[in-house]
Amino acid sequence: MTITRHPPTGRGLVAVWLVLAVGLGALLLVAGVAEGPLDDADQARQRPGVLDLAPLPTSAVPVTDSVPRSGRPAVVFFTSSERLDGLCAAVRAGELDADVAIVTPAAGPTCGTAAMVADPAGRLAATYQLRQPDGGGPPVGYAVVDAQRRVRYATLDPTTAEHLFEVRTMLAAL
Amino acid sequence: MTDQPSYRRRVSDTAAALRLCLWCLLAVAVEIALFLSYRGHDSRFHWFTHFFVGASAALLIMAVVAWRQRWPVRYPLIWPILGHLIAMFPDILFAQGIAHQRWMDVFLGHLNTHFMPGRNLTWYLVFLAALGFYLAVLGRIRRPLPAAALGAR
């Protein structure tokens, strides 16, 4: 004896397609709305996790007399005055194996051994290939420079202080 | 008087629907866990790309397998999850401190898929097309099965 058993057909299949189309479409929309003004308008370029994404590598201009210097990697953070305390605490606790400079739009307090630099016009961020945030204003993120003074990684990242291990990962990849 | 065959069919359909719901809940739970696993990247963007790419690839393979065997693939929710895991594998490595490298594109284009024109919206449409293709294949297949085989399902 045989019994013909059919897979689901017709309206059931259309319903599955519709539910997934609407559900995932709504999630995608919510994810887009959740992006903040300091995020990159092109999310593919924010925290990509890979070195030498075009137009990198480029030559790193001096931030201070000693950062960056030949023979030692460096991390140049770009942040706002409001985020400086949190970033400074993370950098102090993070023990990065690199020279560190922190660039802010206005002169700020010291932060351990990190070099502090004021860049009101935002020229340094542009030379380090940091992109403009979606909402405009000074970029918040960081650049990783190798021992040959080349910028190998640059990304907007308003939440750097919360995941400094990511900076260590990119340093280790040099 | 109760129509016994009809009643049994309803009970069987209900049991099958409940089983499917449990699988769906499990699949959703796994995907939520994968979303939360993104410590090293921005999950909002990366999860979507690799889910759409991995699930689309899985759906296309599922369609071919279903067409060849004239029956839907078994455990249909596991295939897209496996596809997603393959596509996002370099992100799992990243969370362990291993940065991305170009060769990691072998994982379903892990790096380059992010730069598709239209970004995640394009992959969303690709996913919907792949899902539609798989469902269309399901809608066209028929296979008579021996009663004994049905009992084993």
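For this structure, a couple of remarks:
- Kyte-Doolittle mean at least 1.6, axial Cα span of 20 Å or more - DSSP H helices of chain A: A:11-33
- Other-chain or far-sequence residues with amide H under 5 Å of A:D157's (modelled H): A:V140, A:G141, A:Y142
- Kirkwood radius for the protein assembly as shown, taken over all pairs of different Cα atoms as the inverse mean of 1/r, rounds to 22.6 Å.
- Where labels lie 7 Å past Cα in the beta-carbon direction, separation of B:R74 and B:W103 in nm: 3.6
- Cα gyration tensor shape of segment A:43-172, rounded if a/c is under 1.5, else prolate or oblate by comparing a/b with b/c: rounded
- For segment B:70-109: rounded, prolate or oblate by the Cα gyration tensor [a/c cutoff 1.5]: oblate
- For B:I141 and A:A126, a Förster radius of 56 Å and the Cβ-Cβ distance give a FRET efficiency of 0.45, rounded to the nearest 0.05.
- The A and B chains share an interface that buries close to 3400 Å² of accessible area, total over both sides, probe 1.4 Å.
- Shown for chain A: the carbon plus sulfur share of the solvent-accessible area, taken with all protein chains present and a 1.4 angstrom probe, equals 57%.
- Between A:R69, A:R149, A:R92, the GNM of chain A built on Cα springs shorter than 10 angstrom shows A:R92 fluctuating the most.
- Across peptide A:21-32, the mean count of Cβ atoms from other chains lying within 10 Å of each residue's own Cβ comes to 4.
- Stretch gain in nm, segment B:A129-B:C24, where the contour uses 0.36 nm per residue and the Cα spacing is subtracted: 35.7 nm
- Estimated at 0.36 nm per residue, the fully extended path between A:T64 and A:T110 surpasses their Cα-Cα distance by 15.1 nm.
- In this structure, B:T122 and A:D97 have a Cβ-Cβ separation that, at R0 = 45 Å, corresponds to a calculated FRET efficiency of about 0.70.
- For B:84-95, mean number of other protein chain Cβ atoms within 10 Å: 1
- Rounded accessible area per residue of segment A:43-172, 1.4 Å, Å²: 43
The values are calculated or read from the model by the stated rules, or taken from the named source; none is laboratory data. Everything quoted here is computed from the prediction, not taken from an experiment. Reconstructed Cβ throughout: ideal geometry from the backbone, glycine too, with neighbour counts over all protein chains shown. Heads up: the accessible areas ignore ligands, DNA and RNA and are worked out on the full protein's heavy atoms, side chains in. Shrake-Rupley method; radii C 1.70, N 1.55, O 1.52, S 1.80 Å.
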